[in-house]
Every structure is written in C-alpha cells, then in structure tokens.
1. Longest segment of the chain with no GluC sites (Glu not before Pro) in a DSSP loop having at most 11 other Cβ atoms within 10 Å?
2. What does the charge count near Leu184 come to, summing +1 for each Lys or Arg and -1 for each Asp or Glu among other residues with Cβ under 12 Å from its Cβ?
3. From the backbone phi of the stretch 313-327, what are the Karplus-calculated ³J(HN,Hα) couplings (6.51 cos²θ - 1.76 cosθ + 1.60, θ = phi - 60°) in whole Hz, Gly and Pro given as x?
4. Give me the net charge for the shell around Ile168: Cβ to Cβ below 15 angstrom, other residues only, Lys and Arg +1, Asp and Glu -1.
5. Using 0.36 nm per residue of separation minus the Cα-Cα distance, give me the extension gain between Tyr348 and Ala83 in nm, one decimal.
6. Quote to one decimal, in nm, the extra length available between Asp378 and Val296 on full extension: 0.36 nm per residue of separation minus the C-alpha distance between them.
7. Per-residue ellipticity at 222 nm for the chain, helices alone: DSSP H runs ≥ 4 residues times -39500 (n - 2.57), over residue total, nearest 500 deg cm²/dmol?
8. Charges only on Cβ, +1 for Lys and Arg, -1 for Asp and Glu: so what's the dipole of the chain about the Cα centre, in debye to the nearest 20?
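Bear in mind these aren't lab numbers, they're just calculated from the coordinates by the rules spelled out. Here the structure is a predicted model, which means the values were calculated and not measured. A quick note on method: Cβ atoms are made from the backbone with ideal geometry, for glycine too, and the neighbour counts reach across all protein chains shown.
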Amino acid sequence: MQYTFSENVQSLQPSAIREILKFTGMPDVISFAAGNPAPEAFPTEFIEKISAEILREDPVLALQYSITEGYPKLRELLKQRMAAQHCFDPNRDDLIITSGAQQANELACKVLLNKGDTLFCESPSFIGSLNAFRSYGVDLQGIPMEQDGMDMDALENAIQKSASPKVIYVIPNFQNPTGRVMSLKKRKKLYELACRYDLVIIEDNPYGDLRFSGDPIPSIKSLDAEGRVSYSGSFSKILAPGLRVGYVSAAPELISKITVCKQVSDVHSNIWAQLICTAFLEQMDMDSYLEGLHNVYRRKCNLMADGIREYFSPKIQWEMPEGGLFLWCTLPDEWDMPKFCTQAVEQYKIAVVPGNAFLVDESAESHSIRLNYSTPTDAQITKGIKILGKMTTSV
C-alpha cells in the first residue's frame, strides 16, 4: 500500500543522533554520542526499595489510572522546591507533570503555535525539541549563539522581520549541545524582548541541577512578572530517564490548555514513576545527593578535558563546561566534519555526533561535534579521546 502522510509529519526525518546510536550496539564501539546520565549515578537500591514498598502498601494507587495533572503530593513537593528556586510563584503559576521534559516542550508548542507561526531557538539546539516543533509546521528560526548564550541583537532583528513571532525556546543552563550557560545579562534582555514584542519563552532546564563548577545564575522564570515564561524540568538527569517524569511551571491558563492536550495524548504520566519521584523528594537529602552527582560529572568531564589537552590537535577549538553532560568541539573550517564523524565510527569505532544534527537546517554547514562524557566509562573516555586525538593530528 502507498501511504499518504499528513502534512505535519511528511518533512520529519530520523534523528541523526539516533542513526549514529545504531552503531553503539556494535561490539567494542565507544560512544560519545549519547546524552544519557552516568549509569553509576542511578540510585538503584533506593528505587528498588521504594518500588517494593509501593507495591506492598498501596499497589492499586501505582497500577490504576490517575489524574492528568499528576500525583498531587508530587506536584506540591515540586511547587515547594521550585518556589525556593524562584521558578514557581504560587500566586500566578500552576504546575503539571509530564512524560519527560520532551513532552512538556512539545505540549507548550502545541497550545501556543499555529502552522506558520515563528518559534525562535538557539542555533545549535536540542534535536528532540526541534523535531517536536517541526511536527506542528511552525516557522523555526535558529538564532546564532555566542559564548554567553543567544545573540540578542540577531534575535531582535529576526523578531522584527517575522510576520508572526510567537515563542522563544532556550536551554539556558549547560545547553545541549554546546554546554554553554546564558549570562544573567542576556536572560534579562531575553525577557525584556519577550515583553516588548509580546512573546512567550519556553525555558527548558533539564541540566540545571548538574552544575559542578561556577556560580548558579537565576532562571529566566524568576524574572517573570507577566506570565510569559513556561519553565520545564525533569527527573531524567538527576534520578533516572527511564521513569519519564518531567514537569511544567507556567501561568494557570497555559497549564489548563496543556492539561487538555495531554489528556488526548497519554491521559496521564506513569503513576508508579511519579510515586518513585515523590519518595525521592521526600526522603532524599537533596543537597548531599546532588553533591554526589556533581562529583561524578566533574571527574568524568575533567578526565575527558585532560585527554583533549594531551592528545587533540591545537587546531581544535573546544569549550570547558561548568556542568551538564556535553563538551563542544569545533574543527578547522578546511576539515570535512561529516567525513571525520563517519571515519571515527566506521574505522575506529568511536561514535560522536556531527554539529549539523542540531541545526534548524541539518543540511547547513557545521564544523563542530558534540562529545558526551557522562555515559562512557572512565576507561572508554581515556581510550576514545586518545584515538580521536590521533585522528585530529593526522588530518
């Protein structure tokens, strides 16, 4: 049968990252291509203990249908934690539990944008969100990034030229893929532009709790006095991504529409996983727990960075992150980046992600690659970076 696909999905293509990840199942492949948390950081014993308690004490609660907005106790605990972080104002915000931050961003796009409306994003940006936005036929415009975040002059110029500017999507903390942090000055300017041109900001913050150096910067949501910021977070990077528990903090009117859209999508997020997250917030010493995560990621990031310093060609430009999961490298303009990535995985069994995978137009030229230090073992980081280093010095 010849299928005719809907206009919304005709242009969607498989993620370049997912295509590269197919190679990671091959024997002996070292993957720097994933975006997964460190396996050794999972609190498996805690999850096992809490799961047993839930199924012993209240199995029906964990196995029955639940409400779309999310488990009430979890929502209240998140509101309290986020209020302390100035990401939730009980006087003008509401909160809904989602199936990961990916669904949070997709639903925000769904309720805010019509086909042809313009959504501005960082360039490069997270491929998962880009594909979600593409599925609604929006006019997706990438704004160049500087070391401290999106180029605000370029953003304002693009807003002024757009026929229907509606939403700005940003990952201000340890951005995927660059690992960069948006400065407070730019966060304030971004919010000012949103107010001036009547736009909504989707602030995606899955990595904010993974700062292992430097000083925290206030969220864009903490600046919000007009209900212009939809703030999404997740348990994926601090607890376990397989639970698929995320959340959105935004104005009640926006949360109400997101709730209706979620009802027609998946009814509600996994309630067993929500109960795990509830116990996590109730019982875990979060300061001590997060310090443990920081130690893991600081060590793994430093291990990769030390290898880059020792083995990579000095022609390679790279950026040392202050947190998150990724390290961004840029090859000289005269080098063939796609060929480099293909050769790395096919000949040397090292998987990296080409930078063009994170662009609005994946066919556009890029000379960068993203390296992930959280997923591979220490031995794999040491070996893989040494091999990549030999590649960079032989080009």
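1. Longest gap between qualifying sites, sites excluded: 1-333.
2. Working: positive: Lys185, Lys186, Arg187, Lys188, Lys189; negative: Asp148, Asp215.
Taking every other residue near Leu184 into account, the sum is +3.
3. 3J(HN,Hα) across the stretch 313-327, in whole Hz: 4, x, 6, 7, 8, 8, 10, 7, x, 9, x, x, 10, 10, 10.
4. Details: positive: Lys161, Lys166, Lys186, Arg187, Lys188, Lys189, Arg196, Lys221, Arg228; negative: Asp117, Glu122, Asp139, Asp151, Asp153, Glu156, Glu192, Asp198, Glu203, Asp204, Asp224, Glu226.
Net charge in that neighbourhood comes out at -3.
5. Values: separation 265, 0.36 × 265 = 95.40 nm, distance 4.82 nm.
Difference between extended and current length: 90.6 nm.
6. Taking 0.36 nm per residue and subtracting the Cα distance, the gain is 28.5 nm.
7. Numbers: 14 runs with 166 residues, N = 395.
Value at 222 nm, helices only: -13000 deg cm²/dmol.
8. It comes to approximately 280 debye.
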